[in-house]
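Read the structure below first, then the notes.
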Amino acid sequence: MSSKDKLDKKNIPSHVAVIMDGNGRWAKERGKKRIFGHKNGVQSVRDVVEAAGEIGISYLTLYAFSTENWNRPKTEVESLMGLLINSIKKEAAKLFKNNVRLLIIGDFTRLSSKVKENLFSLREKTKNNTGLTVVLALSYSSRWEITEAVRLITEKVEEGEIKSSDVTEELIGNSLATSGIPDPELLIRTSGEQRISNYLLWQIAYSELYFTETFWPDFRKENFFKAIYSYQQRHRRFGKTEEQIENKFDISK
Ligand code: FPP
């Protein structure tokens, strides 16, 4: 039986975030260059996007390239960016047909104009789609994002638009690149590493974490459904007691 059939359709997370890790090691195991791993990782991206759409997930955020990844050898960075453009071009029609909307978060100032043109044009084309929203985190890091938010808020204070007492969790959330997107209920990281690596630090405050040994190029639909199934077996309490959760419909408790 596929893990998909075991899923509780009423308990599907609305937002799943993924750290796609292990492409390099997957390639190395096969005696190939790192880019071979990235290329094979694209099929996993297709699979996971499809799987998320199939079970009615609203947001899927993929860590495609971190701020720290700019420090990789120039040839790898260039190959990765090329792969990204090609994948976007190749998949554009299918994404559109499947009612997928594309959003991008990250420091765009560091992206080449070719990458920006392709991404922004697909974002524009898909902006009215109402199915799954795929959020690409590209040239992204959480500390960059939080620093930008602080800059934005302090500018507003300096200009007298708001007072420091107006700074709330809500205002901070709305000043992040993910403004308007619900926090992920589930974060998946592949390849056996158990780190967050500067990813959505603010947004994952209450997220369930799922780590798997599987390298990203081997992470396909069934693996994704398994992760969702694992999430559904957990009991989320948000700092409350078990009794409070059990009595959630009784407001006197
Ligand atoms: C991490 O593996 C993976 C990346 C830095 C890039 C992810 C990119 C893709 C899967 C391809 C393009 C993406 C899209 C959205 C079309 P790693 O290189 O860090 O692996 P390692 O830890 O084994 O070295």
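What follows draws every value from the coordinates through simple rules; no lab data is involved. This structure is a prediction, so every number in the text was calculated from the model and none was measured. Cβ atoms come from the backbone with ideal geometry, glycine included; neighbour counts cover every protein chain shown.
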Tell me yes or no: at least one residue of the stretch 186-195 is surrounded by 14 or more Cβ atoms within 10 Å (Cβ to Cβ), over 23 Å from PHE65 (Cα atoms) and of a type in the set (Lys, Arg).
no
Has the stretch 156-164 got at least one residue that is within 28 Å of PHE65 (Cα to Cα) and of a type in the set (Lys, Arg)?
no
What tally of residues in the stretch 175-226 results from selecting those that are in contact (Cβ under 8 Å) with a residue 60 or more places away in the chain and either in a helix (DSSP H, G or I) or more than 16 Å from the ligand (Cβ to nearest atom) (or both)?
20
Just to be sure I understand, how many residues within the stretch 48-74 are more than 8 Å from the ligand (Cβ to nearest atom), of a type outside the set (D, E, K, R) and either without any contact (Cβ under 8 Å) to a residue 40 or more places away in the chain or within 30 Å of SER2 (Cα to Cα) (or both)?
14
Scan of the stretch 6-47 for residues that are in a loop (DSSP other than H, G, I, E, B) and near the ligand (Cβ under 9 Å from one of its atoms), ordered by number
MET20, ASP21, GLY22
So how many residues does the stretch 39-70 have that are in contact with an Asp or Glu (Cβ under 8 Å, 6 or more places away or on another chain) and surrounded by 21 or more Cβ atoms within 10 Å (Cβ to Cβ)?
1
Any chance MET81 is under 21 Å from the mean Cα position of the chain (by Cα), surrounded by 16 or more Cβ atoms within 10 Å (Cβ to Cβ), more than 9 Å from the ligand (Cβ to nearest atom) and at negative phi
yes
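Give ASP5, ASP21 a once-over and let me know the one that is surrounded by fewer than 16 Cβ atoms within 10 Å (Cβ to Cβ) and not basic (Lys, Arg).
That would be ASP5, the only listed residue that is surrounded by fewer than 16 Cβ atoms within 10 Å (Cβ to Cβ) and not basic (Lys, Arg).
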Output the residues belonging to the stretch 48-70 that are touching a helix residue (DSSP H, G or I) at 6+ places or on another chain (Cβ under 9 Å), in a helix (DSSP H, G or I) and not hydrophobic (A, V, I, L, M, F, W, C).
GLU50, GLU54, THR67, ASN69
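Using the structure shown, decide if ILE88 is surrounded by fewer than 21 Cβ atoms within 10 Å (Cβ to Cβ), touching a residue at least 24 places away in the same chain (Cβ under 8 Å) and within 20 Å of ALA51 (Cα to Cα).
For ILE88, the condition - surrounded by fewer than 21 Cβ atoms within 10 Å (Cβ to Cβ), touching a residue at least 24 places away in the same chain (Cβ under 8 Å) and within 20 Å of ALA51 (Cα to Cα) - is met.
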Within the stretch 151-180, restricting to residues that are within 23 Å of SER58 (Cα to Cα) and polar (S, T, N, Q), the one that is surrounded by the most Cβ atoms within 10 Å (Cβ to Cβ) is THR178
